[in-house]
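Undergrad: Quick one: the structure is below, questions incoming.
The values are calculated or read from the model by the stated rules, or taken from the named source; none is laboratory data. Keep in mind that this is a model prediction, so the values were computed, not measured. Glycine also receives a Cβ, built like all others from the backbone with ideal geometry; neighbour counts cover every protein chain displayed.
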C-alpha cells in the first residue's frame, strides 16, 4: 500500500493548484485509492487509458497507461519500499542486487574464495551445483 505523499511541485503535474499539496492514498472509508483516483486528483486526464500495459510498457512511452504515468512521478520514484524500510528499522542494511549477476553477490564471492583456498576439499563442480559448503575439520 502506498503512503500519503506530497504532490511534486514540478512540471509533471498538470494541475498547478495541486502542486506541493498533501495527497492521501486512502479513501474516507480507509480503502486504498486506485491509480485512476490518484492521477485524477493530480489533474491528469485518465479517460480511455488502461490501468497497465500488457505484457509491459515500451520504454519510450511516457503516458501509455495509468501505471506508467504514476511511475514517472517524483514522489513515487523516490519512495522507499516497505520491505527496505522494515529492514533498515531493524538495524540492517538492505542491498538489492541485480538479477542474474552472481559475480556481484557477496555469497558467491565467498564461495569462490573458499574453493580457491580449500581446493583439496572443494571443487568447481560444488560451486556450479550450488553445493559450496565449508568442510568441518
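Undergrad: Just give me the residues in the range 102-126 being in a loop (DSSP other than H, G, I, E, B) and modelled with pLDDT under 75, in sequence order.
TA: 118, 119, 120, 121, 122, 123
Undergrad: Same structure, new question: Might you check whether a residue that is part of a loop (DSSP other than H, G, I, E, B) and within 15 Å of the chain's Cα centre (by Cα) occurs anywhere in the range 81-92?
TA: Yes, because at least one residue in the range 81-92 is part of a loop (DSSP other than H, G, I, E, B) and within 15 Å of the chain's Cα centre (by Cα).
Undergrad: Turning to a different aspect of this structure: With (1) more than 30 Å from residue 21 (Cα to Cα); (2) part of a helix (DSSP H, G or I); (3) modelled with pLDDT of 80 or more as the list, and residue 75 as the residue in question, which single condition is left unmet?
TA: Residue 75 satisfies every listed condition except (1).
Undergrad: Filter the range 35-88 down to the residues that are over 19 Å from residue 13 (Cα atoms) and touching a strand residue (DSSP E or B) at 6+ places or on another chain (Cβ under 7 Å) and list them by number.
TA: The answer is 50, 52, 53, 57.
Undergrad: Next up: Looking at the range 7-32, which of the residues that are touching a strand residue (DSSP E or B) at 6+ places or on another chain (Cβ under 8 Å) and under 18 Å from residue 77 (Cα atoms) is surrounded by the most Cβ atoms within 10 Å (Cβ to Cβ)?
TA: 7
Undergrad: I need the full set of residues from the range 35-51 which are surrounded by fewer than 16 Cβ atoms within 10 Å (Cβ to Cβ) and within 18 Å of residue 74 (Cα to Cα), in order please.
TA: Result: 36, 37, 41, 43.
Undergrad: Would you check if residue 44 is under 21 Å from residue 6 (Cβ atoms), assigned by TED's automatic domain parsing to the domain that holds residue 12 and either part of a loop (DSSP other than H, G, I, E, B) or under 18 Å from the mean Cα position of the chain (by Cα) (or both)?
TA: So residue 44 fits the description; yes.
Undergrad: Please state which of the following conditions residue 132 fails to meet, knowing it meets all the rest: (1) in a helix (DSSP H, G or I); (2) modelled with pLDDT under 85; (3) surrounded by 12 or more Cβ atoms within 10 Å (Cβ to Cβ).
TA: Of everything listed in (1) in a helix (DSSP H, G or I); (2) modelled with pLDDT under 85; (3) surrounded by 12 or more Cβ atoms within 10 Å (Cβ to Cβ), residue 132 misses just condition (1).
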